[in-house]
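Notes to accompany the following structure.
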Amino acid sequence: MNSSVQLQSLDMGNHIVHTPVILSPMAGVTNWPFRVLCREYGPDGLYVAEMITARALVARNPKAERLCRFDSSEKYRSLQLYGVNPSIVRQAAQIVVDEDMADHIDLNFGCPVPKVTRKGGGSALPWKNDLFREVLRNVVKVAQPAGIPVTAKIRVGIDDNHTTFHDSALIAQDEGCKFVTLHGRTTAQYYGGHAEWDKIAQLVDELDIPVIGNGDIWSAEDAVEMVKETGCAGVAIGRGCQGRPWLFGDIANAFSGSSDRINPKLGEVGDIIIRHVKLLTDFYDGDEMMAVHDLRKHVAWYLKGFPVGGGTRAAFMKCESISDVEAEVAKFDRNIEFPMAIADKPRGRVRFAKKVHLPYNWLESRELTPQERADMFEDDPMDASY
């Protein structure tokens, strides 16, 4: 396929992103080993670290600090913060600035997970216009003087009857965000159904700042089609790259007009698995057991569709060292072709939320009541652990 779509460079103020293709932050996935793999295949885009809980960073939680690490090859460091209390999020942003932890701060207002939304965080937070503005303003006030751009990741809304993306995107623009990323689903949709790309197109028409589209990009062709349909300035890739870091290479080719695609045989995928676990071992300061345990979910994604049998997958779940992983990879038939039947199909968890979990009476008002503010902030209920 030859694409006539070309992405324009994205001006971040302190950096020019020549191809606005973004690795979306995913909890437990986008630590620096996985980012390095994606970046090696992909274009000069943004490869965002997994979500850092602001309260945990302020409390100097060791896991939070580990997740803030970047590899020396990552010349432009993108970090995502999550928080509900504007003061705590500002303190976390100040740490990022003072300790030169990142070159770009993204703020998470898109997470649909109940343990986040029931505290008023993630995709629940934009319902409260005043709180949303306050969080953004606090971070921009700290980051902007340091030359660090701030961006926001949002969803369509709580559900079809409580949409927020119009208001929150305009607020983000007013408060100085460099761009907004819209995942075309509501909190209620979770990761099920189909992303509503038309909502992305609506936002493109409404904003003066760039809009990045997110949702249901499983192939390079999907990425090109999203830009064609919506006019978005770039694309953000989440679950589509799980077990397929080379998807970024496919997307880079597609936007350059090339029909070349990377379809590695099982032997090449095995080589990637070994490289991944070695990078994870560095990430865990030499702890092979932690690295191999972290690898397990990735192996399930890497092997998706390959005819390797349940026994092979089960064997990887019992690995405890790099040598164990290498021994299992050595058993692969290296010439097995990549399973094209699932190449552009959904990956990762496709779950529907049975219920949206929100603070009591959250939907009664678009602004925080005095009682809600007291309940949320006086005792700072945000968990500092992981």
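The values are calculated or read from the model by the stated rules, or taken from the named source; none is laboratory data. Keep in mind it's a predicted model, so treat the numbers as computed, not measured. Glycine also receives a Cβ, built like all others from the backbone with ideal geometry; neighbour counts cover every protein chain displayed. The protein model used for the area step is the full one, side chains on, heavy atoms only, and it has no ligands, DNA or RNA in it. Shrake-Rupley method; radii C 1.70, N 1.55, O 1.52, S 1.80 Å.
Within region 116-134, how many residues are surrounded by 21 or more Cβ atoms within 10 Å (Cβ to Cβ) and of a type outside the set (A, V, I, L, M)?
Here the count works out to 9.
Just to be sure, is Ser73 buried (at least 23 other Cβ atoms within 10 Å of the Cβ), under 25 Å from Gly243 (Cβ atoms) and small (Gly, Ala, Ser)? First the steps, then the outcome.
Details: buried (at least 23 other Cβ atoms within 10 Å of the Cβ): no; under 25 Å from Gly243 (Cβ atoms): yes; small (Gly, Ala, Ser): yes.
Answer is no for this residue.
Could you please find all residues in region 23-71 being among the polar types (S, T, N, Q) and touching a Phe, Trp or Tyr at 6+ places or on another chain (Cβ under 8 Å)?
In the first step, residues of region 23-71 are kept if they are among the polar types (S, T, N, Q); the result is 24, 30-31, 53, 61.
Across region 23-71, the qualifying residues are Thr30, Asn31, Thr53, Asn61.
I'd like to check something: does region 166-180 contain any residue that is open to solvent by 40 Å² or more (accessible area, probe 1.4 Å), assigned to a loop (DSSP other than H, G, I, E, B) and in contact (Cβ under 8 Å) with a residue 24 or more places away in the chain?
There is at least one residue in region 166-180 that is open to solvent by 40 Å² or more (accessible area, probe 1.4 Å), assigned to a loop (DSSP other than H, G, I, E, B) and in contact (Cβ under 8 Å) with a residue 24 or more places away in the chain.
Would you point out which residue out of Asp208, Asp222 is within 18 Å of the chain's Cα centre (by Cα) and of a type in the set (Asp, Glu)?
Asp222
Assuming Ala300 fulfils every condition listed in (1) under 22 Å from Cys68 (Cβ atoms); (2) open to solvent by 30 Å² or more (accessible area, probe 1.4 Å); (3) touching a residue at least 24 places away in the same chain (Cβ under 8 Å); (4) hydrophobic (A, V, I, L, M, F, W, C) apart from one, which condition is it?
Of the numbered conditions (1) under 22 Å from Cys68 (Cβ atoms); (2) open to solvent by 30 Å² or more (accessible area, probe 1.4 Å); (3) touching a residue at least 24 places away in the same chain (Cβ under 8 Å); (4) hydrophobic (A, V, I, L, M, F, W, C), the odd one out for Ala300 is (1).
Restricting to region 327-341, give me the number of residues that are at pLDDT 95 or above and surrounded by 17 or more Cβ atoms within 10 Å (Cβ to Cβ).
Residues in region 327-341 being at pLDDT 95 or above and surrounded by 17 or more Cβ atoms within 10 Å (Cβ to Cβ): 3 in total.
If you check Ile148 against the conditions, is it in contact (Cβ under 8 Å) with a residue 40 or more places away in the chain and β-branched (Val, Ile, Thr)? If you could, list the steps in order and put the result at the bottom.
Working: in contact (Cβ under 8 Å) with a residue 40 or more places away in the chain: yes; β-branched (Val, Ile, Thr): yes.
So Ile148 fits the description; yes.
Inside region 135-164, can you point out the residues that are open to solvent by 30 Å² or more (accessible area, probe 1.4 Å), out of contact with any Ser or Thr (no Cβ under 9 Å at 6 or more places or on another chain) and over 25 Å from Gln202 (Cα atoms)?
Correct list: Lys141, Gln144, Pro145, Ala146, Gly147.
When you scan region 268-282, how many residues do you find that are farther than 11 Å from Leu37 by Cα and touching a Phe, Trp or Tyr at 6+ places or on another chain (Cβ under 6 Å)?
Looking only at that region, the number is 2.
Scan region 202-226 and report the pairs whose first residue is under 11 Å from Ala236 (Cβ atoms) and part of a helix (DSSP H, G or I) and whose second residue is of a type in the set (Val, Ile, Thr) and open to solvent by less than 20 Å² (accessible area, probe 1.4 Å), with Cβ atoms within less than 7 Å and a gap of 6+ or a chain change.
Listed pairs, sorted by first residue: Ala223/Ile217; Ala223/Val235; Ala223/Ile251; Met226/Ile217; Met226/Val235.
Search region 81-106 for residues being free of Cβ contacts under 8 Å to residues at least 60 places away in the same chain and open to solvent by less than 10 Å² (accessible area, probe 1.4 Å), and hand back the single one that is farthest from Glu378 (Cα to Cα). Before you say what the answer is, go through the steps one by one.
From region 81-106, those free of Cβ contacts under 8 Å to residues at least 60 places away in the same chain are 81-82, 86, 89-102, 105; that's our starting set.
Narrowing the set further to residues that are open to solvent by less than 10 Å² (accessible area, probe 1.4 Å) leaves 81, 86, 89, 92-93, 96, 102, 105.
On the way: Leu81: 21, Pro86: 12, Val89: 15, Ala92: 18, Ala93: 20, Val96: 24, Ala102: 30, Ile105: 26 Å.
Residue satisfying both the conditions and the ranking: Ala102.
Going by what's in this entry, would Leu46 be described as farther than 27 Å from Leu368 by Cβ, open to solvent by less than 10 Å² (accessible area, probe 1.4 Å) and not small (Gly, Ala, Ser)?
On the way: farther than 27 Å from Leu368 by Cβ: yes; open to solvent by less than 10 Å² (accessible area, probe 1.4 Å): yes; not small (Gly, Ala, Ser): yes.
Criteria met by Leu46.
Using the structure shown, decide if Gly310 is loosely packed, with under 14 Cβ neighbours inside 10 Å, at pLDDT below 90 and not hydrophobic (A, V, I, L, M, F, W, C). Even if it seems obvious, please write down each step before you answer.
Details: loosely packed, with under 14 Cβ neighbours inside 10 Å: yes; at pLDDT below 90: yes; not hydrophobic (A, V, I, L, M, F, W, C): yes.
For Gly310, the condition - loosely packed, with under 14 Cβ neighbours inside 10 Å, at pLDDT below 90 and not hydrophobic (A, V, I, L, M, F, W, C) - is met.
Quick test of your reading of the structure: Val113 fulfils all but one of (1) in contact with a Gly (Cβ under 9 Å, 6 or more places away or on another chain); (2) among the aliphatic types (A, V, I, L, M); (3) at pLDDT 95 or above; (4) open to solvent by 40 Å² or more (accessible area, probe 1.4 Å). Name the failing condition by number.
The single condition Val113 does not satisfy is (3).
For the condition acidic (Asp, Glu), open to solvent by 20 Å² or more (accessible area, probe 1.4 Å) and at pLDDT below 95, what is the one hit in Asp287, Asp344, Asp324?
Numbers: Asp287 fails: at pLDDT below 95; Asp324 fails: at pLDDT below 95.
Residue meeting the stated conditions: Asp344.
What do you reckon, is Gly257 under 21 Å from Pro346 (Cα atoms), part of a loop (DSSP other than H, G, I, E, B) and either in contact with a strand residue (DSSP E or B) (Cβ under 8 Å, 6 or more places away or on another chain) or of a type outside the set (Val, Ile, Thr) (or both)? Break it down stepwise before answering.
Numbers: under 21 Å from Pro346 (Cα atoms): no; part of a loop (DSSP other than H, G, I, E, B): yes; either in contact with a strand residue (DSSP E or B) (Cβ under 8 Å, 6 or more places away or on another chain) or of a type outside the set (Val, Ile, Thr) (or both): yes.
Here the answer is no, as Gly257 does not meet what is asked.
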